Amino acid sequence: MKKLTFLTLAAVFSTLAVSSATDDVQMLPTRKKLDEDKARTSSNTSVKSKQIIYSVKVNSRSFKELTNVTIKYNIYYEVSQLGSTAKPEVKSASGSHSLESLITNKPVEFDTTAIQLSQATLDGGYYFSNGGSSVAKDKVVGLWFKAFDADGKLIGEYMNPASVATKQKWKE
């Protein structure tokens with residue numbers, strides 16, 4: 001019985017070693033609104049749009065200084081069409097940011113590229129004859145960040161939600 005327990009603990013430690021290999025860099029994004037605009041596109045439709053960015057705090061969890069770190073990211077968002085019965089289209093905004101040096105306990109921040117999200121609403125009392133939605137709202141559906149060292153080795157990864165890797169494709 002003790003041998004079985006020992007083997008189980010050995011398996012746990014080997015799993016921890018493999019999963020912690022990509023935890024040298026920690027990334028924590030925070031959503032920020034840049035601008036908001038409200039307008040009427042016709043007599044029965046109103047549209048609100050806003051630009052957002054993510055401010056990303058990058059922290060080293062390594063015991064040594066990391067140099068020439070590249071952070072690549074994809075922000076996935078759904079774009080809906082007012083009056084449409086189809087599923088919303090998923091688009092992505094991608095980019096990268098280079099860090100010359102990353103030192104433990106000295107976080108660095110950068111901002112992603114801005115994306116525009118809209119919400120269109122049909123006024124009360126109106127409807128679409130095809131049964132389409134009277135509200136079309138764009139929304140962010142996933143964030144995926146990857147950190148690479150100077151040799152191109154993956155040294156950190158952040159996903160929100162964790163299922164984004166199974167639902168979306170990584171875009172360079």
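The values are calculated or read from the model by the stated rules, or taken from the named source; none is laboratory data. Being a predicted model, the structure only gives us computed values, none of them experimental. Quick reminder, even Gly has a Cβ in these numbers, built from the backbone with ideal geometry, and neighbours come from all protein chains shown.
Considering only residues in the range 160-172 that are under 21 Å from GLN116 (Cβ atoms) and of a type in the set (S, T, N, Q), the one that is nearest to the chain's Cα centre (by Cα) turns out to be ASN160.
Yes/no per residue for (1) of a type in the set (Ser, Thr, Tyr); (2) within 22 Å of LYS32 (Cβ to Cβ):
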residue	(1), (2)
THR113	yes, yes
SER118	yes, yes
THR121	yes, no
ASP138	no, yes
ALA147	no, yes
TYR158	yes, yes
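Residues that are basic (Lys, Arg), under 30 Å from SER62 (Cβ atoms) and without any contact (Cβ under 8 Å) to a residue 24 or more places away in the chain occur in the range 149-162; there is at least one.
Condition check: of a type in the set (A, V, I, L, M) and either touching a Gly at 6+ places or on another chain (Cβ under 6 Å) or without any contact (Cβ under 8 Å) to a residue 12 or more places away in the chain (or both). Does ALA86 satisfy that? Against the criterion (of a type in the set (A, V, I, L, M) and either touching a Gly at 6+ places or on another chain (Cβ under 6 Å) or without any contact (Cβ under 8 Å) to a residue 12 or more places away in the chain (or both)), ALA86 qualifies.
State whether the residues of the range 114-124 include one that is within 30 Å of LYS48 (Cβ to Cβ), within 13 Å of the chain's Cα centre (by Cα) and of a type outside the set (Gly, Ala, Ser).
Checked against the condition, which is being within 30 Å of LYS48 (Cβ to Cβ), within 13 Å of the chain's Cα centre (by Cα) and of a type outside the set (Gly, Ala, Ser), the range 114-124 yields at least one hit.
Among the residues making up the range 63-83, those that are of a type outside the set (D, E, K, R) and in contact (Cβ under 8 Å) with a residue 60 or more places away in the chain are LEU66, THR67, ASN68, VAL69, THR70, ILE71, TYR73, ASN74, ILE75, TYR76, TYR77. Among the residues of the range 56-80, how many are over 13 Å from MET27 (Cα atoms) and more than 12 Å from the chain's Cα centre (by Cα)? Counting residues in the range 56-80 that are over 13 Å from MET27 (Cα atoms) and more than 12 Å from the chain's Cα centre (by Cα) gives 10.
Output the residue which, of all residues in the range 29-77 that are aromatic (Phe, Trp, Tyr) and touching a Lys or Arg at 6+ places or on another chain (Cβ under 9 Å), is nearest to LYS169 (Cα to Cα).
My answer is TYR76.
Scanning the range 125-159 for residues that are outside any loop (DSSP other than H, G, I, E, B), under 23 Å from the mean Cα position of the chain (by Cα) and more than 27 Å from ASN68 (Cβ to Cβ) yields ALA136, LYS137, LYS139, VAL140, VAL141, GLY142. Just one of the listed residues (SER49, SER43) is within 20 Å of the chain's Cα centre (by Cα) and either closer than 30 Å to ASP123 by Cβ or modelled with pLDDT of 90 or more (or both), and it is SER49. Of all residues in the range 118-172, those being of a type in the set (Asp, Glu), exposed (fewer than 11 other Cβ atoms within 10 Å of the Cβ) and modelled with pLDDT under 90 number 1.
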